[in-house]
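Please treat every number below as a calculation from the coordinates, not as lab data. Source: prediction; values computed, not measured. In this analysis, Cβ positions are derived from the backbone assuming ideal geometry, glycine residues included, and neighbour counts consider all displayed protein chains.
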Amino acid sequence: MKAKQLAIALILTLLTCDIQAQQKTDSLSKKTEKKYQATPPKTQPFGKEAFGASKSTTLRWLGMAGFLINSRGTTLMVDPLLQGFDMPILIEFPIKPKDVPSLDAVLVTHADNDHFSVPTNKDLVGVTKAFHSTIYVDSLMKNMSWPSFGHDIGAVFKVNDISVKLTPADHAYQNAYPRPGQRHFKNEDACGFMIQTPDGTIWAPGDSRLLDEHLHLPTPDAILFDFSDSEWHFTLAGAIKLANAYPDTPLLLSHWGSVDAPDFSPFNGDPKSLYDKVVNPKRIIVLAPGQPYSLRKLRK
Ligand SMILES: [Zn+2]
């Protein structure tokens with residue numbers, strides 16, 4: 001009898017403990033349960049071979065909004081961010097800034113630190129011939145004595161055989177969230193780059209709300225495609241409108257899958273949201289960071 005009572009008491013105690021443990025585990029797993037965020041394929045690291053002589057034009061996504069372009073041996077990076085970001089990162093970067101052997105140019109679309117990475121560019125400045133950006137971002141670079149050039153929207157500059165034209169952007173969101181003493185931001189503080197190489201034209205639109213001008217540019221042969229569903233970017237609907245304005249142009253996905261921020265629309269884009277809305281979805285190119293992509297001229 002006593003043994004039976006003891007056994008029942010023991011079972012009850014064990015059950016209670018078990019329930020309590022279960023509740024603890026549930027609340028713990030609720031706390032640590034990660035919300036889904038789309039991520040790119042595994043990084044394909046590269047080294048100095050990516051910067052050498054070449055008979056073609058190759059692009060490599062660096063993660064974030066960054067790209068390396070090697071056009072017949074002329075090398076440039078657009079918005080490189082390879083270290084020192086202030087949010088947790090989801091990917092391995094394909095190269096360290098200290099391993100970059102040389103660059104003819106670094107192009108920066110605007111001052112936000114996911115595009116203008118001072119920690120990255122500080123380690124690139126010794127091997128980079130020239131930095132190019134808007135007048136405002138150039139002023140920030142000049143404060144650090146970098147070899148930089150500022151340009152107006154619509155201006156054209158050369159990097160060896162490559163011709164680059166600044167395209168307009170609308171990304172002066174800072175004015176909507178004024179901080180004490182903050183400068184007034186202008187649309188021309190940010191830009192995109194239309195990069196004309198001997199093997200075709202690459203458009204890096206930068207971060208921008210959709211502008212009518214964006215829909216009436218000479219057809220690029222590749223777009224570094226930001227499809228963030230953010231009101232300060234194209235929005236997803238705007239990105240799709242933009243993609244379908246150039247229905248044959250390959251879309252190299254950018255500005256997604258790199259920052260651990262499942263609830264933050266500028267960083268949480270999912271390529272799956274594009275396939276049933278983009279005309280000719282075969283041109284959606286989901287690159288792994290570091291994976292080479294060969295530029296080809298479209299038949300126009
Ligand atoms: Zn951005």
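Using the Cα centre as the reference, give the magnitude of the dipole from point charges on the C-beta atoms of the range 45-100 (Lys, Arg: +1; Asp, Glu: -1; all else neutral), rounded to the nearest 20 debye.
Rounded to the nearest 20 debye, it is 300 debye.
With 25 Å as the cut-off, how large is the P(r) tail for the range 60-174, expressed as percent of Cα-Cα pairs?
Percent of Cα pairs beyond 25 Å in the range 60-174: 17.
Please list, by residue number, everything in the range 243-272 whose backbone N is under 20 Å from a paramagnetic label point 7 Å out along Cα→Cβ of GLU33.
Only 261-264 fall inside the zone, counting backbone N under 20 Å.
Note down the magnitude of the dipole of the chain about its Cα centre, charges +1 on Lys and Arg C-beta and -1 on Asp and Glu C-beta and zero elsewhere, to the nearest 20 debye.
That gives the chain a dipole magnitude of about 760 debye.
Between LYS297 and HIS216, what's the calculated FRET efficiency when r is the beta-carbon distance and R0 is 25 Å? Round to 0.05.
Efficiency, from the Cβ-Cβ distance: 0.80.
Can you tell me the convex hull volume per residue for the range 107-260, based on C-alpha atoms, in Å³ to the nearest whole number?
In the range 107-260, the Cα hull volume divided by residue count equals 129 Å³.
What residues of the range 237-256 lie in the reach of a label at ASN280, counting those whose backbone N is under 17 Å from a point 7 Å from the Cα along Cα→Cβ?
The answer is 240-253, whose backbone nitrogens lie closer than 17 Å to the label point.
Most mobile of PRO101, PRO218, PRO119 per a Gaussian network model of the chain (Cα springs, under 10 Å)?
PRO218
Given H placed on each backbone N at 1.01 Å, which residues far from PHE193 in sequence or on other chains put an amide H within less than 5 Å of it?
THR167, ALA204, GLY206
Among the helices of the chain (complete DSSP H runs), which have Cα atoms covering no less than 30 Å along the helix axis and a Kyte-Doolittle mean of at least -1.0?
2-32
In the P(r) worked out for the chain, what percent of Cα pairs fall beyond 34 Å?
That tail contains 26 percent of the Cα-Cα pairs.
Pick from LEU211, LEU82, LEU252 the residue whose mean-square fluctuation is largest in a GNM of the chain, springs joining Cα atoms under 10 Å.
Comparing LEU211, LEU82, LEU252 in a Gaussian network model of the chain, the most mobile one is LEU211.
Of all beta bridges DSSP finds with both residues in the chain, what is the antiparallel percent, to the nearest 5?
Antiparallel: roughly 60 percent of the beta bridges in the chain.
Given the DSSP H assignment, sum -39500 (n - 2.57) over each helix run of at least 4 residues in the chain and divide by its residue total; what's the result at 222 nm in deg cm²/dmol, nearest 500?
It lands at -6000 deg cm²/dmol.
Normalized C-alpha radius of gyration of the range 194-300, against 2.2 N^0.38 Å?
1.02
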